[in-house]
Amino acid sequence: MTKFEPADPTTHFPPDFVWGVATSAFQIEGAPTEDGKGLSIWDSFCRQPGAIADHSNGDVACDHYHRWEADLDMIADLGVDAYRFSVSWPRVRPSGAGTWNEAGLAFYERLVDGLLARGIKPYLTLNHWDLPDELQAGGGWANRDTVHRFVEYAQGIAARLGDRVASITTHNEPWVMAVLGHENGVFAPGIKNRATATQAAHHLLLSHGMALQALRAQGCKARLGLVLNLSPMHPATDSDADQAKAVLEDGRLLRWYLEPLFKARYPQDVLDDLGADGPQVEAGDLQIIATAMDFMGVNYYSRSVVSAAEPWDVHSSGREVTDMGWEVYPEGLTELLVRLHQDYAVPPLYVTENGGAFKDRLEDGRIHDHQRTDYIARHISAVAEAIRQGVPMAGYMVWSLMDNFEWASGYEKRFGIVHVDYATQQRTLKDSALWYRNFLQQRRAQRRQRQAV
Ligand code: FCB
């Protein structure tokens, strides 16, 4: 195991730096049809033979829809400042259009009020992948109409909760929805068509910008932003072919999102590569996409090593890898954050997801997940280093609060700092959770001491 130097919690991080834990609706809630909820594309995707590694689905997951109160107590017990969660669109508006579901809205209202009562800031995400199934029947994200349905959804949630949540994120990881969902077909909705994926990506970005404008127009007080999954692309060798490939993959994963968001244009090299598969963009779209954000979230797990000889895999392995096969590479997080700061006029940045899946063993009521603790501590140090280099960092959130439904991997991969026994729904804090809690306690104690001097 690699030794880590935990970052000094007082000197490296600004006083208002936000520490949190993250989840998403489909991965934890269960209750797919309860109290009037509509189905999402993930409910349907799970039913496709072979789509999910362990043939599981989200029907029960962590049963959070019923256990939310005890889960909020557990979050409070960790001593975090913030909880990042998502709203299930089909729970609050079952068909994605038309009638709203009061029972669904009331659930999220209880959740938000429950967080506030425990002194925890709610960080709300509108779209963490679970599009209402009925919208998919009409073409989903490839159909420009979905953009308008999303704006209505955003407005409805902001009208109900915008006065109490600390922030609203429009989308979580548009690249994953567009490319894994519509080009590779390994995630919902399971389409394999590059032109469809490109159009979906454009509509996700457009709906983000339109939602920001609509929420500001309605006086929403919450801070507004977007979350991207980003990872540095390193060529496998110095060969011209590998380097050229790394530049193009960097274009597809990073610049395809960063350039329109911050420079109101798509990167020309990626457009050239797409040729006829490029998106249909209407006049004014790019200006809308470039609407200023109050913050941006970065989900970071690994770097990517790119070779011209092989199709690019999301996270090629090099050194130590997690149970996902993703290389542990904390210095890539510093590199990425510094680049964002240098190349783009980024607003305050959060690491909105970071963590690792490892094979955990429950022994006498304990889970000694040293590798996860080591992973988290080293990435926190990488954030500290980015701050030292001048990057405006606002927060860090661990993925994930608890083990949950890890999409196409089902329940086989465990990312939680809290262990979930799926047979009994018992939650057990892993050593990584105890470490995180202790780290946050230390930070508070040291701050009090400083203030007293
Ligand atoms: C991210 C997702 C999150 C989780 C982690 C491991 O891509 O946003 O829901 O599955 O990966």
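The values are calculated or read from the model by the stated rules, or taken from the named source; none is laboratory data. Quick caveat, the model's predicted, so the values are computed rather than measured. Here the Cβ is made from the backbone with ideal geometry for all residues, glycine too, and neighbour counts use every protein chain on show.
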Exercise for the section: Just need a number here: residues in the stretch 363-387 that are farther than 17 Å from Val346 by Cα and either assigned to a helix (DSSP H, G or I) or touching a His at 6+ places or on another chain (Cβ under 6 Å) (or both). Expected result: 16
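Within the stretch 58-72, is there a residue that is modelled with pLDDT of 95 or more, within 16 Å of the ligand (Cβ to nearest atom) and under 20 Å from Gly181 (Cα atoms)?
Residues of the stretch 58-72 modelled with pLDDT of 95 or more: 58-72.
Among the residues that remain, those that are also within 16 Å of the ligand (Cβ to nearest atom) are: 58, 61-62, 64.
Add one more test, that the residue is under 20 Å from Gly181 (Cα atoms), and what stays is 58.
Yes: one or more hits.
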Practice task
Would you point out which residue out of Val351, Val298 is in contact (Cβ under 8 Å) with a residue 60 or more places away in the chain, within 16 Å of the ligand (Cβ to nearest atom) and aliphatic (A, V, I, L, M)?
Solution key: Val298
Completion exercise
Out of (1) buried (at least 17 other Cβ atoms within 10 Å of the Cβ); (2) farther than 28 Å from Ala394 by Cα, the one Thr237 does not meet is (1)
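Here are Ala159, Ala166, Ala195: which of them is of a type in the set (Gly, Ala, Ser), in contact with a strand residue (DSSP E or B) (Cβ under 7 Å, 6 or more places away or on another chain) and at pLDDT 95 or above? Don't jump to the end; show me each part of the working.
Working: Ala159 fails: in contact with a strand residue (DSSP E or B) (Cβ under 7 Å, 6 or more places away or on another chain); Ala195 fails: in contact with a strand residue (DSSP E or B) (Cβ under 7 Å, 6 or more places away or on another chain).
Going through Ala159, Ala166, Ala195 in turn, just one is of a type in the set (Gly, Ala, Ser), in contact with a strand residue (DSSP E or B) (Cβ under 7 Å, 6 or more places away or on another chain) and at pLDDT 95 or above: Ala166.
Just to be sure, is Leu161 of a type in the set (A, V, I, L, M) and closer than 17 Å to Gln218 by Cβ? Before the answer, list the steps.
Working: of a type in the set (A, V, I, L, M): yes; closer than 17 Å to Gln218 by Cβ: yes.
It is true that Leu161 is of a type in the set (A, V, I, L, M) and closer than 17 Å to Gln218 by Cβ.
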Completion exercise
Counted residues in the stretch 301-348 being more than 16 Å from the ligand (Cβ to nearest atom), of a type in the set (Asp, Glu) and at pLDDT 95 or above come to 3
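Taking the stated definitions as given, is Leu205 aliphatic (A, V, I, L, M), part of a helix (DSSP H, G or I) and either within 16 Å of the ligand (Cβ to nearest atom) or in contact with a Ser or Thr (Cβ under 7 Å, 6 or more places away or on another chain) (or both)? Before the answer, list the steps.
Values: aliphatic (A, V, I, L, M): yes; part of a helix (DSSP H, G or I): yes; either within 16 Å of the ligand (Cβ to nearest atom) or in contact with a Ser or Thr (Cβ under 7 Å, 6 or more places away or on another chain) (or both): no.
Considered against the rule, which asks whether it is aliphatic (A, V, I, L, M), part of a helix (DSSP H, G or I) and either within 16 Å of the ligand (Cβ to nearest atom) or in contact with a Ser or Thr (Cβ under 7 Å, 6 or more places away or on another chain) (or both), Leu205 comes out as no.
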Completion exercise
Residue count, the stretch 142-181, condition within 16 Å of the ligand (Cβ to nearest atom) and in a helix (DSSP H, G or I), comes to 8
Exercise for the section: Answer yes if at least one residue in the stretch 128-141 is in contact with a Pro (Cβ under 8 Å, 6 or more places away or on another chain) and part of a strand (DSSP E or B), and no otherwise. Expected result: yes
Problem - Long-range neighbours under 7 Å by Cβ, at least six apart or interchain, first residue modelled with pLDDT of 95 or more within the stretch 389-411, second charged (D, E, K, R) and surrounded by 19 or more Cβ atoms within 10 Å (Cβ to Cβ) - result: Met397/Arg84; Met397/Glu353; Trp399/Glu353; Met402/Arg427; Asp403/Arg414; Glu406/Lys413
Exercise for the section: Report, by residue number, each residue of the stretch 93-138 that is over 22 Å from Val18 (Cα atoms) and small (Gly, Ala, Ser). Expected result: Ser95, Gly96, Ala97, Gly98, Ala103, Gly104, Ala106, Ala137, Gly138
Practice task
Would you be able to tell me the number of residues in the stretch 406-440 that are assigned to a helix (DSSP H, G or I) and either away from the ligand (no atom under 16 Å from the Cβ) or crowded, with 22+ Cβ neighbours inside 10 Å (or both)?
Solution key: 11
